[in-house]
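Single-structure report; data block below.
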Amino acid sequence: MTTLARRLGTFARYVASSGNWLVWFMCLLLSVYTVALVSQGSEFSPFVDVWLAIITKLSLVAVAWTAVVRAGFDRREIVFSASAITIVVAADSYAYFRPGDSDQSQTLPDIGYFLFYLLIVTAIVALARRQRHPPGWPVLLEGAIGILGAGSVLAALLTPILDSVGTTIEAGATAVVVTYPLFNAMLVLVIAGTAATQGPDPRRRWMLLVLGLMIFSATEIVYLRIGDAYVTGTSLDAGWAIGLALVAVWIDASSRQTETHSHTQDSVAAVAVPIVSTGAGLGVLILASQVPVTGFAIGLAATALALASLPLVSRQIVLRHQARTDDLTGLPNRRALYGDVTARITREPRGRRALLLLDLDRFKEVNDSLGHNAGDRLLVQAGIRLSNELREQDLLARLGGDEFAILLDDVGHAEAVDFAIRVRAALAVPFTLEGIALQTGVSVGIALYPDQGSDLTGLMRKADMAMYKAKSTRSGHHVYRSNDDSHGDLRLRTLSELRLALQDDQLIVHYQPKIDLASGSVAGVEALVRWQHPTRGLLFPDQFLVLIEEAGLMHALTQRVLAVALDQARVWSAAWAGDLPLSIAVNLSASSLVDAELPERIESLLAERGLPGSVLELEITEDFLMSDRDRARDILARLRANDIRISIDDFGTGYSSLAYLRDLPIDELKLDQSFVFPLKDDQRAAALVKSSIELAHGLGLRMVAEGVENAATYDALAGFGCDQAQGYFISRPIPADAFDRWLADRRSVAEPVAT
């Protein structure tokens, strides 16, 4: 009743918003006709039962054919439906005025009704053919269940009528009496089947047609059961008119709108017909245990129940597959890996195998910067590339997050290492995410069966330790060794302590001065992070930065270093009466620069402290510049718009084109210390340094040399025209208060003094 009320409410809302006066007029006549039938009882009234009935039904014909004209006769289902309404109305009108009781006068209305059934079924078939995508086998199965369930009920209901043929009716009328129930059965079955195949996407206009035909068929079935007791002029007559009116409204609505496919999910409507049909079949079987029911009806009911069990079986198969499959990538998951590997080891315990555990580098930074959708697409693309490297007998699984596992059959140490190298090369090719060319790496840990484990649990543990050894050494891949156990425990403990360190402000900043080689004055400082560990003392970046990247904490660390450095800049600015004579340089990793909102975050940090952008210098690596030139240009331009200066750290260590020096907004190059260390003893190194300085000056850039360890190197750089230098010869990185004392000691000194 709730569904019926909702559909009738839909009908009423459509009529209210239609704007078609003809539909309004039809609804008014239908309402008057229905009320008149109910109020007059069983008495016959020529005005109500003839003239008002004919006028009401003619209004249905007018609505239907107006819609056909509006649609331009191009929609077959509309034309067939309008023809069906016209024929049945003509048959009813002829029945009111037929001459006498001749065989012809009785046969013509029957022919009209038979044509109605055929045209309606043809219209439904034409409508179904308009669907853009044919239904799959689960939908067709639900349609079959709907047809069989409805058929079993019809067989049970119509059996008394069919049994009475030949005993109470003359032979000439037998065909008519038999065909009426069969045509009604056909219409109900078509309705049940097509309603079921609509699945979870029932369109409101379609449901108007289904509801109208159901009301019409139900009225016909009641009429057949009443038989000779039927009297013209009762409220039953309204059933035919209401059913046809809903069909007419469907025709009108279909002609006004182009076919659309709604994606609104309606889970109740999706399963309503199969559930009702299954219940109907069960009801027929229960009824058969109490009263005589034909074997045909019992067979239909039993078949409906049998088919209804198939989706349950198939669903169990699907659920089992889903339980072993990763939803995102479609690869086997951890459960499947454990099951398949255990089965292989049990079947061939003496075979050689290698388990590779892979972890994408800086994946959490992608998630944090570009969003989880981009991270998901990265995982899918990575899964495809890994699959392309496998042989038929190998197994690839996603364990969760950015971790994958690969089991290689019939391989040893050398083959496993070769495969790891191929995998790393495949994943080194940049991925395109959100229009950004993103380059990521992978760390691979390898454990060998049976030498390093006899079951998957042991292999997984050792491959995990090997994988983190590869991360910490930045070797890319590592085969497990017995001494890796202690490193694994230390890594896990350090990871846990790092998270606490960020919360408890254990990560501090030291400052290393940069000297202007021409004047000897302090030109700026570089902020370098240190970890003041509560038990292990002061730790340098090489002891924890890899773990920071691995744990996805680089964003948090960058924010921490920037905040501390800018807080110190504000202190120095206040001490120097608002005139800060030096800049503060902060290193940014490539993963930090993935964050498209970084310029705005830095601008906010500066604004909160009332500092100009010129106080800050950001040191970035060539890797970021070369991985995505367009993105680098955008981010650097936004930083430069706030007067923040850009420095290229470790210049000269990359193997990329120098075209970015021309194209990108850069202020400074920092010559890597690997070129500076051998400067005084290696003429080729000196030539490279000199040419690099000339290149920088030719492009209008400042050159800074890092790693200055002695006076000879200092003097050589000054002679080459290098702009600035930093290194232990000048000062080690020191805390802010120590830097204040160091600066005070040499404020009036033009030449550097070793510390």
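The values are calculated or read from the model by the stated rules, or taken from the named source; none is laboratory data. As the structure is a computational prediction, the values presented were derived from the model and not from experiment. Cβ: placed from backbone, ideal geometry, glycine included. Neighbour counts: every protein chain shown. SASA here: full protein model, heavy atoms, side chains in, ligands and nucleic acids out. Shrake-Rupley method; radii C 1.70, N 1.55, O 1.52, S 1.80 Å.
On the basis of the beta-carbon distance and an R0 of 60 Å, Q381 and I54 show a calculated FRET efficiency of 0.30.
For the cross-link pairs K471/K690; K514/K680; K364/K462, the ones whose C-alpha atoms lie over 27 Å apart are K471/K690. Listed peptides 527-533, 72-78 appear in the order 527-533, 72-78 once ranked by packing, highest mean of other Cβ atoms within 10 Å at the front.
The phi-based Karplus calculation (6.51 cos²θ - 1.76 cosθ + 1.60; θ = phi - 60°) puts the 3J(HN,Hα) values of the range 370-381 at 9, x, 5, 5, 5, x, 5, 5, 4, 5, 5, 5 Hz, whole numbers, x for Gly and Pro. For the peptides 245-252, 82-89, the ranking by packing is 245-252, 82-89, with the highest mean count of neighbouring Cβ atoms within 10 Å listed first. Computed in the context of the full set of protein chains, the accessible area of the range 507-605 at 1.4 Å probe radius has 55% of its extent on carbon or sulfur. For the range 360-455, rounded, prolate or oblate, judged on the Cα gyration tensor with a ≥ b ≥ c (square roots of eigenvalues), a/c < 1.5 rounded, else prolate if a/b > b/c? Here the range 360-455 falls in the prolate category.
Share of carbon and sulfur in the accessible area of the range 631-732 stands at 49%, probe radius 1.4 Å.
Label-to-label distance for E43 and A575 is 11.1 nm, based on points extended 7 Å past Cα in the beta-carbon direction. Annotation: amide H of R702 within the under-5 Å range of E668, L669, sequence separation 5 or more or interchain, hydrogens built in the peptide plane. With the highest mean first, a sort of the peptides 451-463, 720-732 on other beta-carbon atoms found within 10 angstrom per residue produces 720-732, 451-463.
Quick one: if the Förster radius is 45 Å, what FRET efficiency do D455 and Q543 give, using the C-beta to C-beta distance and rounding to 0.05?
Working: r = 34 Å, r/R0 = 0.76.
Once rounded, the FRET efficiency stands at 0.85.
For the range 360-399, backbone nitrogen atoms closer than 14 Å to the point 7 Å from D634 Cα along Cα-to-C-beta are found at 369-371. A cut-off of 5 Å between modelled amide H atoms, ignoring neighbours fewer than 5 places along the same chain, links L433 with L438.
Could you tell me what percent of the accessible area of the range 334-426 is made up of carbon and sulfur, with a 1.4 Å probe and every protein chain present? Don't jump to the answer; show the numbers that get you there.
Values: 2030 of 4230 Å².
Ligands and nucleic acids excluded, carbon and sulfur give 48 percent.
Residues whose amide H lies under 5 Å from that of H477, counting only those 5 or more places away or on a different chain, are V444; hydrogens are built 1.01 Å from N in the peptide plane. Rounded to 0.05, the FRET efficiency of the H372 and S31 pair, given R0 = 60 Å and the Cβ-Cβ distance, is 0.60.
Across the range 30-37, rounded Karplus estimates of 3J(HN,Hα) from the backbone phi angles (6.51 cos²θ - 1.76 cosθ + 1.60, θ = phi - 60°) give 5, 5, 4, 4, 5, 4, 5, 5 Hz, Gly and Pro being marked x.
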